[in-house]
Amino acid sequence: MAKKFSKPELSRMINGDIPFDTAIDTEDKDLIRLDVAVLNNYPRYSRATIQKFIKAGYAKVDGEIIDKPNFMVEETQNIELNVPEQEQGERPPVIYEDENVIVFNKPAGMLSIKKGDFSTEPAIEDWGEIVHRLDRDTSGVIIVAKNHSAKAMLQKQFQERKSHKTYYAVIQGTPAQAHAIINIPLARNLKKPTTFMPDKNGRGAITEYQTIESGEKYSLVELKPRTGRTHQLRIHMNFIKCPILGDPIYNPKGPKADRMYLHAAVLEISIPDKDGAKRMTFTAELPEDFRNAIK
């Protein structure tokens with residue numbers, strides 16, 4: 001992927017190895033910034049990420065490490081990017097695996113998708129192509145694809161709502177109705193762009209819930225999202241005054257907890273097989289601390 005330089009004199013001149021008055025005439029040379037040159041060779045990274053790589057000393061020009069993104073180079077120089085391989089963390093528990101997919105029981109605290117190309121934190125995407133995601137603090141069933149055709153097949157089902165998910169949550173208090181459907185549109189909160197909020201002009205969001213068990217302070221509920229909006233379950237339970245225990249965003253003033261008590265328990269979806277597709281249901285057992293929390 002590196003590009004060769006036919007005239008290395010310019011690099012030597014910029015580095016101060018030869019004086020300008022003895023250097024060759026450079027009027028006919030096209031100079032560009034190093035970060036732009038690297039981006040041309042490695043388009044899979046963003047320019048911001050490439051700038052971080054350069055500052056970290058991962059870029060070389062004619063064999064020399066250059067740590068300044070605005071360093072000027074010729075496009076014909078030998079430009080290399082050597083990013084250290086990121087070590088994968090411990091593989092999450094596997095519920096199911098074949099040649100096309102892997103289904104994990106994601107631990108609470110693990111990311112689904114890395115925070116940028118420069119992140120070294122383990123994430124579910126380290127082991128496959130992401131087709132849906134769980135919030136960092138949510139545990140449970142998550143499926144990844146091993147190839148592009150499987151990814152396309154799975155993504156289409158999520159987009160067309162042909163996959164079905166069931167969650168369990170420990171919430172504060174007890175819902176006024178034991179069973180109900182919450183139909184509250186959601187929109188991005190412009191004051192906090194990484195969060196969302198109820199908004200009559202937002203995108204439709206529907207959640208069905210069922211109270212399973214209630215204690216003095218907390219209840220265990222089953223949640224079935226009919227739509228897949230970001231943070232949907234968390235916002236809907238907060239909307240009915242029964243926020244999820246340990247939710248750091250939508251229930252920050254709630255009782256202290258060792259995690260957010262939201263668990264993806266069941267995923268029903270079709271996966272590729274030799275006959276085209278087969279419908280399967282994957283289950284991640286309810287964590288023991290969920291039932292302990294409501295006692």
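The values are calculated or read from the model by the stated rules, or taken from the named source; none is laboratory data. As the structure is a prediction and not an experimental result, all values here were calculated from the model. Counting neighbours? That spans all protein chains shown, and the Cβs are built from the backbone with ideal geometry, glycine included. Remember, those area values only see protein heavy atoms, side chains included, never the ligands or the DNA or RNA. Shrake-Rupley method; radii C 1.70, N 1.55, O 1.52, S 1.80 Å.
Below, the figures for the structure above:
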{"read-out": "Residues of the stretch 148-193 that turn out to be out of contact with any Asp or Glu (no Cβ under 8 Å at 6 or more places or on another chain), β-branched (Val, Ile, Thr) and more than 14 Å from CYS242 (Cα to Cα), as a count", "value": "1"}
{"read-out": "Failed item, numbered, when THR281 is tested on (1) part of a loop (DSSP other than H, G, I, E, B); (2) open to solvent by 10 Å² or more (accessible area, probe 1.4 Å); (3) not charged (D, E, K, R)", "value": "(1)"}
{"read-out": "Enumeration of residues in the stretch 230-249 that are under 23 Å from the mean Cα position of the chain (by Cα), not polar (S, T, N, Q) and not in a loop (DSSP other than H, G, I, E, B)", "value": "LEU233, ARG234, ILE235, HIS236, ILE244"}
{"read-out": "Any chance THR227 is at pLDDT below 95, assigned to a loop (DSSP other than H, G, I, E, B) and under 24 Å from the mean Cα position of the chain (by Cα)", "value": "no"}
{"read-out": "Hey, GLY116 under 29 Å from GLY246 (Cα atoms), open to solvent by less than 70 Å² (accessible area, probe 1.4 Å) and modelled with pLDDT under 90 or not", "value": "yes"}
{"read-out": "Positions within the stretch 38-61 being out of contact with any Ser or Thr (no Cβ under 9 Å at 6 or more places or on another chain) and either farther than 15 Å from ASN82 by Cβ or assigned to a loop (DSSP other than H, G, I, E, B) (or both), in sequence order", "value": "ASN40, TYR42, PRO43, ARG44, TYR45, SER46, ARG47, ALA48, GLN51, ALA56, GLY57, TYR58"}
{"read-out": "Residue check, ILE212 open to solvent by 70 Å² or more (accessible area, probe 1.4 Å) and either touching a helix residue (DSSP H, G or I) at 6+ places or on another chain (Cβ under 6 Å) or assigned to a strand (DSSP E or B) (or both)", "value": "yes"}
{"read-out": "Those residues of the stretch 193-209 which are open to solvent by less than 80 Å² (accessible area, probe 1.4 Å) and either part of a strand (DSSP E or B) or in contact with a Leu (Cβ under 6 Å, 6 or more places away or on another chain) (or both), in sequence order", "value": "PHE196, MET197, PRO198, GLY202, ALA205, ILE206, THR207, GLU208, TYR209"}
{"read-out": "Among the residues listed as ILE244, ILE249, the single one being open to solvent by 60 Å² or more (accessible area, probe 1.4 Å), aliphatic (A, V, I, L, M) and on the phi < 0 side of the Ramachandran plot", "value": "ILE249"}
{"read-out": "Single unsatisfied condition, GLU160 versus (1) within 19 Å of ASN292 (Cα to Cα); (2) of a type in the set (Asp, Glu); (3) out of contact with any Leu (no Cβ under 7 Å at 6 or more places or on another chain)", "value": "(1)"}
{"read-out": "Pick from the stretch 149-179, criterion without any contact (Cβ under 8 Å) to a residue 40 or more places away in the chain and farther than 21 Å from PHE282 by Cα, ranking: least open to solvent (accessible area, probe 1.4 Å)", "value": "ALA178"}
{"read-out": "Test: residue in the stretch 212-233 that is more than 28 Å from ARG188 (Cβ to Cβ), out of contact with any strand residue (DSSP E or B) (no Cβ under 9 Å at 6 or more places or on another chain) and without any contact (Cβ under 8 Å) to a residue 60 or more places away in the chain", "value": "yes"}
{"read-out": "Scope the stretch 188-216; condition farther than 12 Å from GLN232 by Cβ and among the hydrophobic types (A, V, I, L, M, F, W, C); matching residues", "value": "LEU190, ILE212"}
{"read-out": "Conditions (1) open to solvent by 60 Å² or more (accessible area, probe 1.4 Å); (2) modelled with pLDDT of 95 or more: number failed by LYS256", "value": "(2)"}
{"read-out": "Members of the stretch 77-94 that are in contact (Cβ under 8 Å) with a residue 12 or more places away in the chain and open to solvent by 60 Å² or more (accessible area, probe 1.4 Å)", "value": "ASN82, PRO84, GLN86, GLU87, GLN88, GLU90, ARG91, PRO93"}
